[in-house]
Amino acid sequence: MGLRGLLFFNAIFALLPITVFADAVVEGHVELPKSHSAPVMAKRYEIITRGGVLSTEPPLAVVYLEGSFSKPTAPSVKQIAQKNFAFVPALLPVRVGTRIEFPNLDDTYHSIFSYSPTKRFDLGRYRPEERPIPSVVFDKPGLVTLRCDIHEHMRGLILVLNSPHFVMTDAEGRFQLRGLPPGHYTLNAWIDSKTTHERPVELKKGETLHVDFL
């Protein structure tokens, strides 16, 4: 490589963000509970209650990194729709401070509320054309259970996390978290409203760590 080419390469290298070369990756597998229903062809997860424990059916998990992270520069906005008389998605992990909109996509009224200690709210009855779309800011970590005051079968879950690093597993329990800062953390696997597994982890720049929750 000539001098001009070397200088060009060094200039491009200097412009790349440091995180490109410092990011760590965690991947692995979470052993999920056995499903109590027939396989679902469409990937539509429902929330069920069994013995007072709320979980998804078919089962899945939320894997997230717990530690000290900088605050977000701008609040995030997500959506949980009411469609075909169900919450879509049925389970949504978000970071503290996220605003969630609840658009009604059914041609009827819905009335969304929660009595969860993490966030109590009642949006009242509204139709699809309601504007602005009813929304709530979730400012405390914890689990929020969603209900509809009109359609009693409807259930939804919001997992509010003090972390920007989280991912949902696939149906086989596999996960991968990318773009992680090096350091010592706790890796958690949320499985249901009563079950969260923990693993201490040390992340090193540029390395991939394999962690299984069995």
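The values are calculated or read from the model by the stated rules, or taken from the named source; none is laboratory data. Because the structure is predicted, anything quoted here is derived from the model rather than measured. Cβ coordinates were reconstructed from backbone atoms using ideal geometry, including for glycine residues, and neighbour counts include every protein chain displayed. Note: areas computed on protein heavy atoms with side chains; ligands, DNA, RNA excluded. Shrake-Rupley method; radii C 1.70, N 1.55, O 1.52, S 1.80 Å.
Tabulated results
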quantity	calculated
Matching residues, the stretch 74-117, being closer than 14 Å to Val144 by Cα, of a type in the set (Phe, Trp, Tyr) and touching a residue at least 40 places away in the same chain (Cβ under 8 Å)	Phe87
Strands (runs of 3 or more DSSP E) contained entirely in the stretch 114-198, each with at least 3 residues that are farther than 21 Å from Phe213 by Cα and of a type in the set (Lys, Arg)	119-126
Top-ranked residue in the stretch 105-114 [being open to solvent by 10 Å² or more (accessible area, probe 1.4 Å) and not hydroxyl-bearing (Ser, Thr, Tyr); ranked as farthest from Asp139 (Cα to Cα)]	Asp107
Residues being at positive phi and free of Cβ contacts under 8 Å to residues at least 24 places away in the same chain - total across the stretch 118-145	1
Test: residue in the stretch 22-39 that is modelled with pLDDT under 60 and not in a helix (DSSP H, G or I)	yes
Test result for Thr169, among the β-branched types (Val, Ile, Thr), within 11 Å of Val30 (Cα to Cα) and either modelled with pLDDT under 95 or in contact with a strand residue (DSSP E or B) (Cβ under 6 Å, 6 or more places away or on another chain) (or both)	yes
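Rundown of residues vs (1) open to solvent by 30 Å² or more (accessible area, probe 1.4 Å); (2) farther than 25 Å from Gly183 by Cα; (3) modelled with pLDDT of 95 or more, yes/no style:
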residue	(1), (2), (3)
Tyr64	yes, no, yes
Ser68	yes, no, no
Gln79	yes, yes, yes
Pro89	yes, yes, yes
Thr98	no, yes, yes
Ser116	no, yes, yes
Pro128	yes, yes, yes
Val137	yes, yes, yes
